[in-house]
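Enquirer: Supplied in structure tokens, the structure appears directly below.
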Amino acid sequence: GQNIDQPTEMTATEGAIVQINCTYQTSGFNGLFWYQQHAGEAPTFLSYNVLDGLEEKGRFSSFLSRSKGYSYLLLKELQMKDSASYLCAVNQAGTALIFGKGTTLSVSS
Amino acid sequence: KAGVTQTPRYLIKTRGQQVTLSCSPISGHRSVSWYQQTPGQGLQFLFEYFSETQRNKGNFPGRFSGRQFSNSRSEMNVSTLELGDSALYLCASSLPAGGEAEAFFGQGTRLTVV
């Protein structure tokens, strides 16, 4: 079976840094994805981690620890447009992605 | 190139009816996955097709079925609709099946069962 946990909601202010955590328990692991979904829109790809460590992409970074079953998405210099749902998803042994319930981030000025 | 296209975008059906949703993947993508998204449960995996074969299936009742055609287009069918089937149904396509392949999502079909 699989279990993916992430906080339901988070709030932050413009210009700040926010870290969204994701813990997972899966039988077989073949990578972890982060997706962003704005209200009423399709999820869009943010990052992929398969090896331990940090992947940086502009204002967004993602970290993975396979031994701990843990990942986080770090968003720097927050902007109002970053208000969205952030979805953690695990690729379980080559199958389709299994998603967490998502974290709704609200950025205020 | 064109993205993942889902039709129709919105649908209203009555309990007991059946419905068919369509998904056209990005050209060249052979893997198509379907998800149900509801506010309480998030994105839940329905099934995945690759080269016209169902490779993986989630924990949904047999009323939910799908298929994939030789051109990689996919359809999903829900029979004997229930109120609880009201949701956003998302389709995602990727190049190979699984692995590091990024999944590209369509805009979804919003199904309302009344």
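Just so you know, all these numbers are worked out from the coordinates, no wet-lab data involved. From a predicted model like this one, the values you see are computed outputs, not experimental measurements. Methodologically, a virtual Cβ is constructed for each residue, glycine included, from the backbone with ideal geometry; neighbour enumeration extends over all protein chains shown.
Enquirer: Taking GluC sites (Glu not before Pro) as candidate sites, keep only those in a DSSP loop with at most 16 other Cβ atoms within 10 Å, then name the longest stretch of chain A containing none of them.
Expert: So the longest stretch without any such site is A:42-76.
Enquirer: Could you compute how fast the protein assembly as shown diffuses translationally, taking Rh as the Kirkwood radius over C-alpha pairs and applying Stokes-Einstein at 20 °C with viscosity 1.002 mPa s? Give it in µm² per second.
Expert: 120
Enquirer: Let me ask something else about it. Once phi is turned into θ = phi - 60°, what whole-Hz ³J(HN,Hα) does the Karplus curve with 6.51, -1.76 and 1.60 give for every residue of the range A:69-81, x standing for Gly and Pro?
Expert: x, 9, 9, 9, 10, 10, 10, 9, 6, 3, 10, 4, 5
Enquirer: For the range A:33-109, what D do you get in µm² per second when you plug the Kirkwood radius from alpha-carbon pairs into Stokes-Einstein at 25 °C and 0.890 mPa s?
Expert: Calculated translational D: 186 µm²/s.
Enquirer: I would also like to ask the following. Just tell me how shielded A:98-105 is by partners: mean number of partner chain Cβ atoms within 10 Å of each residue's Cβ, no decimals.
Expert: The mean count of partner-chain Cβ atoms within 10 Å per residue comes to 3.
Enquirer: Counting pairs of alpha carbon atoms under 8 Å apart in space and at least six apart in sequence, what relative contact order in percent does the range A:32-109 give?
Expert: This gives 27 percent for the range A:32-109.
Enquirer: If you don't mind, there's one more thing I want to ask. Could you derive backbone 3J(HN,Hα) for the range A:39-49 from the dihedral phi with the Karplus parameters 6.51, -1.76 and 1.60 (θ = phi - 60°), listing whole Hz in sequence and x where the residue is Gly or Pro?
Expert: Taking θ as phi minus 60°, the curve returns 3, x, 10, 7, x, 10, 5, 10, 7, 9, 10 Hz for the range A:39-49.
Enquirer: Okay, next question. Taking 45 Å as R0, compute the FRET efficiency from the Cβ-Cβ separation of B:Val114 and A:Glu56 and round it to 0.05.
Expert: 0.40
Enquirer: What range in chain B is the longest one free of trypsin sites (Lys or Arg not before Pro) that are in a loop by DSSP and have at most 13 other Cβ atoms within 10 angstrom?
Expert: Formally, the longest exposed-site-free interval is B:64-114.
Enquirer: Loop only by DSSP, 14 or fewer other Cβ within 10 Å of the Cβ. Give me the GluC sites (Glu not before Pro) in the range B:1-98 that pass, ordered by residue number.
Expert: B:Glu52, B:Glu82
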